[in-house]
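A short write-up of the structure that comes next.
Where a number appears in this text, it was derived from the coordinates with a stated rule and is not lab data. All values derive from a computational prediction rather than experimental measurement. With ideal geometry, Cβ positions are generated from the backbone for all residues, glycine too; neighbour counts draw on all protein chains shown.
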Amino acid sequence: MSGRQPLLVIEDDADVRDLIADRLRGIGYRVECAATGEEGVALARLETPSLIILDILLPGIDGWEALREIRTASPSRSVSAIVVSIVDANHPPAVVDAYIVKPFRSSQIVDKVAELIGPPQSEVMT
Amino acid sequence: MVRSSTRRVPDRRSARGPAAGRSYVDPRWLGDVRRAVTLLSSLLAAPTDYALFATDLDGTIMLWSQGATGLFGYTVPAVLGKLSWWDMCAEGRSAGEPDRAPLEAALRDGSWSGSVTRSRGTGERITLSLVVSVLPDETGRPVGLLTMSRDISAEISRVEELERARFAAMALFEANVVPLATTDPLGSITDVNRPAELLTGRSREELVGTRVTDYAVESQRAQAALRTLLRDGRLTDQEFTVRRPDDSTVEVLLSASAVTDQAGKLHGLLATILDLSEQRRLRERLQRSEAYYRGLIEAAADGLITVDADGMITDLSRQVCVLTGYGRDELVGSAFADCFRDRDQARQLMERGLAGEAGETELHLVTSDESVRWVAVSASIFRDLGDKAPRLVASMRDVTEQAALRDRLARERAYNRSLIEASANGLIVTDLRLLITDVNGTICQLMGLTREQLTGSRLPDCFADPDAATDAAHRALLAGEVTNCDLRLATPDQTAVLVNVSIFRDDAGQPAGLLASVRDVSVQAGLQRDLAVQQAYTRAIVESSVVALFTVAQDGRITDVNEAACEFTGYSRRRLQARRFTSLFSDTAAAKAGLELAFGDGHVDFLELSLAPAGRPSVAVGFHAGMFLDPRTGQKALIVAVRDITAEKATQEELHIYSQSLYGATTDALLLTDPTGVITDVNRSMEELTGRSRGDLVGRPAETCFTERDRAHEFVASVLREGRVSDVELTVRRPDGGSTVLWYSAATFRDQEGKLQGIFASARDITERKKFEDLQAHMLERAQDLDRAKSDFVSRISHELRSPLTSVLGYLELIAEGEPGPLTTEQRRMLDVISRNGSRLLALIEDLLLMSRIEAGTVTVQYELIRLGGLVQSVHNSFLPSIRAGQLNVRLDLDPSLELDGDPAQLERLVANLISNAIKFTPPGGEIGIGCRREGDDAVVEVRDTGIGVPEEEQPRLFTRFFRSSISMEQETQGTGLGLFIVKHVAQAHSGLVTVVSAPGAGSAFTVRLPVRRSSQPYLTGREVVA
């Protein structure tokens, strides 16, 4: 199980972060959390996430910057990213795979994650 | 010359080459030697861009292809065995040594490739890409070198061109006076030019590598803009505030576009940033000064009209409406010349104005009530900035009063003349220097001279003893009059005369001259003899008068009349001569008093009476009388002149009212001077402004009222010189030591003969107005600041509310799904309440966000193809709990195939607000109808209810922000008053419109029409409400 690549959630609002993490862990994904962009970049270096769910308006460096730095590190060059933000964007920029405006239904996150990296690997497979 | 260095090529082109045993030709094809040679020859003869040739180890050319001929220009016979490798060097054979390098490298390494410069047979230099490989014999020993080459001159020049273009682009970027910045695709600055450094207050080094959105005060909006830019590829004219290191800010207008290569790959962004603050300041200043000049124009006592090149009125001041009696709307767009009775004269005036000739013309104005109004009109040319066609500005000043005064003067003169003429005595009028200004016919006859001869000569010279005459005149000047002076006329027979001399005075009571009445006494007998002649003469004079004249005996009977009297009274001469004079008047007592006064004083200058002509209504008349000794009876008698003064009285009344209004009612301070600049009249405003009374001001030279006497003097002088002067700033000195700044406009006025009568000046105190305008501008600015701050706040808070709501709604969803464990029915009911209210809160936030975007003017429609029926259905479904709670019957009539171009998020808010209103305002048991259908090119959404309705008088305000109807307030229904405001704006943003039909108690029906296909044509605006 330790070899599995985690999902990385970068979100400064602890409740929203927990909500996303709870929901995804509940259905079997491994989830790592970061409260700032800098923390997220550091975590990504250690863990090489398979997908990043991140907020844009963060203290310190913003979500775009964090994503750029994570993707500069070669193992994460093509990591998928889902943005969750309070700012509307009907057509998300091409650098992210999905753009979800808050408040969202948690099923939206679950469906999008499954679509991008597949269902959580079951215990049987490890 | 060698251009590139030696480079190892892949081993399939190594020295082993074809000798390595690999065959490049199917052996069956190769056949015998002849066949092989034919094959080789046809290969060499192929017309190709590639030049193939071979040399022996010394460099002598042994094989030369058609391609080589094409490239170098040497034919086969001229080359084979004759020329060598070096002959084709650009510098000729002398350059042979350095050019050995490729050959040696090829011999050493098996092959060499690179580029070299060569010269053609024609001497032209070409750049070649070259591959040299070793040619071995059957044993693999090198016997020569095979060279394959291609002309790459064109490619090289393309590369150079590209570099030049890139260099030019960089220079352009740097040299641009508009601030420019480039960023990478994620918004990090990669370059800025000097103007951008100046604008942001940061150096290029500080800026490069940072995020462009960091410098906008509206960072969230900037990030949204960045995303829009990435999505759409361009962004135009977005306003932002740039924060500078010293905490000052600059308003900028940002336009940006994505830089993509031909393959569509995004390389970065290029932004142009325009500093708005300076433009905005200029615009505000311009607006303020426009308002101010408009105010000045409106307040001027003169009427002002602007006329375009076609002679049509484009604008006018309020005073013009006052003068003409027509409304502004009636005048604007009409022909300027049509304002006057004499159009031709008005056109001439315009032509002179366009030719730059100044001048004033008096014109008879066309007025709405057909009253007589004369105006002095002047026209001058002016051009707006950027306005090609010249225009005229005409000013008109009411001169009706002056014209009437002039008329009256002329009439009085004529009348005085007739009186003078009517006298049986010789009459001489002089000025104070005793120069004769007028005489009558009698004196001419006595003197034997014409009027022209007498006028201008000295009074004493008319007499044989001038000293005695001078003495009499002086005594008259001292005493007022002298009577019965015995003098002799300066005639050959020295006629003895009795002379009475009296002073006559002007309106102000000042002595103006002398009147000498000369009676021939020497020849009483002669007079008797000539009586018949004299009477005939008098008769002629009397008859020729246009004024009605009567002679009245002491008993009051009329003894004689002239023709004008018959006409005026409607009686024949015979009937008049039988009547008493007083019987002609409706007020006989007043007429009788007039006669008595005349017999007592010898004359009556003016008395207003009411004459009753035969068969006609009474008319107001002026009564003038003078006494004479009737030669026929030797009795005292009166000659009475009666004239119609109806018109005069009316004019006078009008003049009175007009001057009252001009001098009293006008807020402008007015001042009138004589031609020398001495003040002759002022109005109350002027008294107030100067702090001096009318009595104090009248008689003073105008310039003594001002602090800068020289400037004031120059002002008066320039008015006299130019005829008119506008907007001269002068400071008035007040007796209390204070001063007031005034704007003066002044013009000269003249009488009918063009003689200068004086200056008319109007002044305006601008101190208060200026203060008020500044205050107003300040208040407006503050209000706008507050409004902006409020909008920013609302926008920020609304965004921030989305985060906590995410957790609330998210965990609710988890609980509802039974994630933490099963729920009891009661728990589920409670969760439903929380959930419903959470959704309401969300809808409220979405409305607030949309409103703040509408207010900021940043609503953009993200068009998508939408199935409208599905959208309405899903919005309706989200309201099902509320519909159930309100016990409402909803009927849906949705066209499932209806598609339109629209913004799904915005249209969702539109539909949600309409449905939410219907639910809110419909009492339990009521009905709601929701429909959508297609009508022509429009998609129509309709939401009708049987609710409380909206009173008709409130409907026009229904779609304004925060509006809540009186009924909803009474019923204390919840709401923000944002819903319909958003409905209207979303509809308008989609080029659509919303209408309402409603009646209190009966319900409301809202209809939204949206074009099915995206359209830039706005729908009929201003018709939001159709009751």
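So if we plug the beta-carbon distance of B:Asp32 and B:Glu161 into 1/(1 + (r/R0)^6) with R0 = 45 Å, what FRET efficiency do we get, rounded to 0.05? All intermediate terms of the calculation are to be shown ahead of the outcome.
Details: r = 52 Å, r/R0 = 1.16.
FRET efficiency, B:Asp32 to B:Glu161: 0.30.
Let me know the shape class of the stretch B:547-636, please: from the alpha-carbon gyration tensor, a ≥ b ≥ c as square roots of the eigenvalues, rounded when a/c is under 1.5, otherwise prolate if a/b is greater than b/c, or oblate.
Numbers: a/c = 1.85, a/b = 1.24, b/c = 1.49.
Judged from the Cα gyration tensor, the stretch B:547-636 comes out oblate (a/c at least 1.5, b/c at or above a/b).
Quick one: compute the contact order of chain A, relative version, from alpha carbon pairs under 8 angstrom and 6+ residues apart, as a percent. Intermediate results must be reported in sequence, preceding the final value.
Details: 201 pairs, mean separation 29.8, N = 126.
Value for chain A: 24 percent.
Within 10 Å of each Cβ in peptide A:99-109, how many partner chain Cβ atoms are there on average? Round it to a whole number, please.
On the way: counts 1, 0, 3, 11, 16, 5, 4, 8, 2, 0, 1.
Other-chain Cβ atoms within 10 Å of each residue's Cβ, averaged: 5.
For each of B:Val212, B:Val698, B:Val429, count neighbouring Cβ atoms within 10 Å of the residue's Cβ, then give the residues from fewest to most. Please list the in-between numbers first.
Details: B:Val212 26, B:Val698 16, B:Val429 19.
Fewest to most other Cβ atoms nearby, the residues stand as B:Val698, B:Val429, B:Val212.
Mind checking B:214-224 for the average number of partner chain beta-carbons within 10 Å of each residue's beta-carbon? Please list the in-between numbers first.
Numbers: counts 2, 0, 0, 0, 0, 2, 5, 1, 0, 8, 4.
Average per residue, whole number: 2.
Can you give me the P(r) profile for the stretch B:878-928? Cα pairs, bins 10 angstrom wide beginning at 0, each as a whole percent.
22, 47, 26, 5
So for B:Ile883, B:Ile61, fewest C-beta neighbours within 10 Å to most, what's the order?
Working: B:Ile883 18, B:Ile61 23.
Fewest to most other Cβ atoms nearby, the residues stand as B:Ile883, B:Ile61.
Distance cut-off 31 Å, Cα to Cα: go down the list B:Lys592/B:Lys755; A:Lys112/B:Lys920; A:Lys102/B:Lys920; A:Lys102/B:Lys790; A:Lys102/B:Lys984 and report the pairs above it. All intermediate terms of the calculation are to be shown ahead of the outcome.
Working: B:Lys592/B:Lys755 43 Å; A:Lys112/B:Lys920 36 Å; A:Lys102/B:Lys920 27 Å; A:Lys102/B:Lys790 23 Å; A:Lys102/B:Lys984 26 Å.
From B:Lys592/B:Lys755; A:Lys112/B:Lys920; A:Lys102/B:Lys920; A:Lys102/B:Lys790; A:Lys102/B:Lys984, over 31 Å: B:Lys592/B:Lys755; A:Lys112/B:Lys920.
Under the rule a/c < 1.5 gives rounded, and otherwise a/b versus b/c splits prolate from oblate, where does the stretch B:885-965 land using the Cα gyration tensor?
Details: a/c = 1.93, a/b = 1.31, b/c = 1.48.
Oblate.
Considering every residue in B:855-866, what mean count of other chain Cβ atoms within 10 Å of its Cβ is obtained?
Details: counts 0, 0, 0, 0, 0, 1, 1, 4, 1, 2, 0, 0.
So the per-residue partner count for this stretch is 1.
With the cut-off at 13 Å, report for the stretch B:222-282 the share of all Cα pairs above it, as a whole percent.
On the way: 1206 of 1830 pairs.
Tail of P(r) above 13 Å: 66 percent of Cα pairs.
Take B:His799, B:His990 and order them by how many other Cβ atoms sit within 10 Å, fewest up front.
Details: B:His799 20, B:His990 25.
The order, fewest Cβ neighbours first, is B:His799, B:His990.
Would you please classify the overall shape of the stretch B:781-855 from the alpha carbon gyration tensor, given that a ≥ b ≥ c denote the square roots of the eigenvalues, rounded means a/c under 1.5, and beyond that prolate means a/b larger than b/c while oblate covers the rest?
Details: a/c = 4.76, a/b = 3.51, b/c = 1.36.
Here the stretch B:781-855 falls in the prolate category.
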